[in-house]
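The values are calculated or read from the model by the stated rules, or taken from the named source; none is laboratory data. Everything numeric in this text was worked out from a predicted model, so none of it was measured. Cβ placement follows ideal geometry from the backbone for every residue including glycine, while neighbour counts extend to all protein chains displayed.
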Amino acid sequence: MRFRAPRSVSPSPVRRKQHRQSTFGLQSNFDGSSGSEDDSNASGSESDSSDAESVTSSLSSDSFCYASESEVPRVAPKPTSNIRDAVEQRKIEETVAAIRLRTRHHDPYEDWERQTRMDAFRTARQELNATQSRFHHEQDQSRTQEMERRAALHAQQMKEIEARLEDLRVKQNAEEEKLRIHMKERQNRIWQSIEGVIKVEEEKVKARLEAERRQREEEERKRKEEEEKRKQDEERQKALEEKRKEEERVKEEAAKKAKDEKDQKDKAEAEASEARNDFGMTKAEDDWKAAHDHLMEMKSQTMRSVKADPTGKAEWSKWRRQITAKVGQITDDEKEINKISSQLYQILQPSGKPHHPAIYKALLSSLSKAILLQAETEVTAEKKSAGPLAHVAFNLLETLDGFPQVFFAKLVQRAGGWPAPYMVPPPDIGPGPWQNDDERKRAIDKARRQAMGYRKGDNGADLESPQEYAARISGMMRVYFHILKFPPQVKPLHPLFQLPRYWAWFARVMSDKRLLGTSIAAQLIYTALDTLGSHARTVWGHQWNKMLELVYEGVTTGYGNGKTIGGNSAEGNAARMRIKIEVERILFGP
């Protein structure tokens, strides 16, 4: 709501003419604006009237003014570079006088305007109070009417709700009554059914009790019969129990005796093992594992580093070709054997700058491979060629550092566990994928054969046949047994190439029934006897005769449960016959 102040009925005083704003006669800074003294006087008179009006207007518009002349702050004089003249000083004094006159002026129009505004506000406030009172009264009446209307509407709705609830109660009572009747009928039907089931079950129980009674009578009859039979069985069982106890006592005595024998055997084996360790002797498993580890180290480190370097690979290839050519020139001539041995030594140990250690070890591996390949081809065709080849190998084993370990490792690589001798364990070839267990077993058998020294056959796909394998292994082992025959000339050879290894080889192979059951075992035993059997009798005498008797028993009567050396194959039978002839020749002479 907007309010308007009414105009006052009091007469308005006459407002004097509005004068322009004055600069209080101050001199302008522009050139030529100073004017004459007359202009200054006229300006002074106008400034007086203008000052009076300005003071009145300031008071009427709530402007700021000073109550007395003493409150007027004095303006700090500005520093001047020259002394004012008399005219300028007079203008300043006139200006100050005009300002004082203006501040003391009182305008009656402003008093009238202020009084008129106060009357208008008073009249507007009275009208506002009356309007607000009327508005509040109307609001109270409207609120009362709305509450009465709502109360009437609420009472009507309550009546409708109560009527609706009454209808629902009537319907609910009717439905409950109907449901009670239905449940009563259903309960009657259920009880009738239950009574029928109970009657049927009672009849079944009666029949079952009758059957049980008949069964008890039958069981009682059988029990009496069984009791009689049991007494007879007890008497018979008592006799059997006494017999069993007697047998158990005999078995316990036999088991105790076997345990004592086993403990004594284990103790003897432990003492023998301790004695072997004291004398620096090793087991077949240790020899094979050491050779296998040495071979893996050469493959993963030595050969890989040599082949990775183009310069080293070229140098190794050049000397390897010369080694292969020299080994192929070996003949059964003492001078030629010494000459080729010297030339091979010069290749491995040149008089000038020595080979790099990795290249030197790679050349040792190549020399070992060349000798073994020559044994596989030449000795297989003519066993007499094993002597010159073994002589060259013996000369190099005696003079070249590190050659015994490399040569034996390569021999194990190509001949499997037979140089030890040792039954090579089945390798871990992973989980597959395999279509079935038979395929996995075939893969394991193939991997194991490769670890035993089997090579690819003539067709290049499958492994070589057992006959080819036996002939090749026999050729290499014949060279090995010939090396053991040579006495050292410069210094003792490595223990792997000394004559006691011949006795150790026979002792190990004759004590391992798994090795004796293979046909290759019989072939290698014959090779060993044919190469060094007579010489061994000269060295060990009667003890070697005992070893030969053990071998002879193995090929004739068998070494256990009728099993003979070499198994039941045709190759095993032929090898056993040759062993028998060779043992008889060694023991009884030609």
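Screening ALA528 against (1) without any contact (Cβ under 8 Å) to a residue 12 or more places away in the chain; (2) more than 52 Å from the chain's Cα centre (by Cα) leaves a single unmet condition, (1). Residues that are within 21 Å of ALA284 (Cα to Cα), buried (at least 18 other Cβ atoms within 10 Å of the Cβ) and either modelled with pLDDT of 90 or more or out of contact with any Lys or Arg (no Cβ under 7 Å at 6 or more places or on another chain) (or both) are absent from segment 423-431 altogether. The helices (runs of 4 or more DSSP H) found wholly in segment 467-566 and carrying at least 2 residues that are under 17 Å from LYS580 (Cβ atoms) and modelled with pLDDT of 90 or more occupy 500-511, 519-540, 542-556.
Out of LYS307, LYS361, one residue alone is without any contact (Cβ under 8 Å) to a residue 24 or more places away in the chain, in contact with a helix residue (DSSP H, G or I) (Cβ under 6 Å, 6 or more places away or on another chain) and either within 23 Å of ALA409 (Cα to Cα) or surrounded by 20 or more Cβ atoms within 10 Å (Cβ to Cβ) (or both). It is LYS307.
When each of THR518, THR557 is tested for being among the β-branched types (Val, Ile, Thr), under 29 Å from GLU468 (Cβ atoms) and out of contact with any His (no Cβ under 8 Å at 6 or more places or on another chain), the lone residue that passes is THR518. Being surrounded by 12 or more Cβ atoms within 10 Å (Cβ to Cβ), free of Cβ contacts under 8 Å to residues at least 60 places away in the same chain and within 14 Å of ALA362 (Cα to Cα) is a property that does not hold for GLN237.
Look at segment 407-421: where a residue is among the β-branched types (Val, Ile, Thr) and a partner is assigned to a loop (DSSP other than H, G, I, E, B) and modelled with pLDDT of 90 or more, sitting 6+ places away or on another chain with Cβ atoms under 9 Å, you get VAL412/TRP418; VAL412/PRO419. Flag set for LYS326, criterion: at pLDDT 90 or above, touching a helix residue (DSSP H, G or I) at 6+ places or on another chain (Cβ under 9 Å), closer than 30 Å to TYR360 by Cα and surrounded by 13 or more Cβ atoms within 10 Å (Cβ to Cβ).
Regarding GLN405, is this residue over 24 Å from GLN489 (Cα atoms) and of a type outside the set (D, E, K, R)?
Values: over 24 Å from GLN489 (Cα atoms): no; of a type outside the set (D, E, K, R): yes.
For GLN405, the condition - over 24 Å from GLN489 (Cα atoms) and of a type outside the set (D, E, K, R) - is not met.
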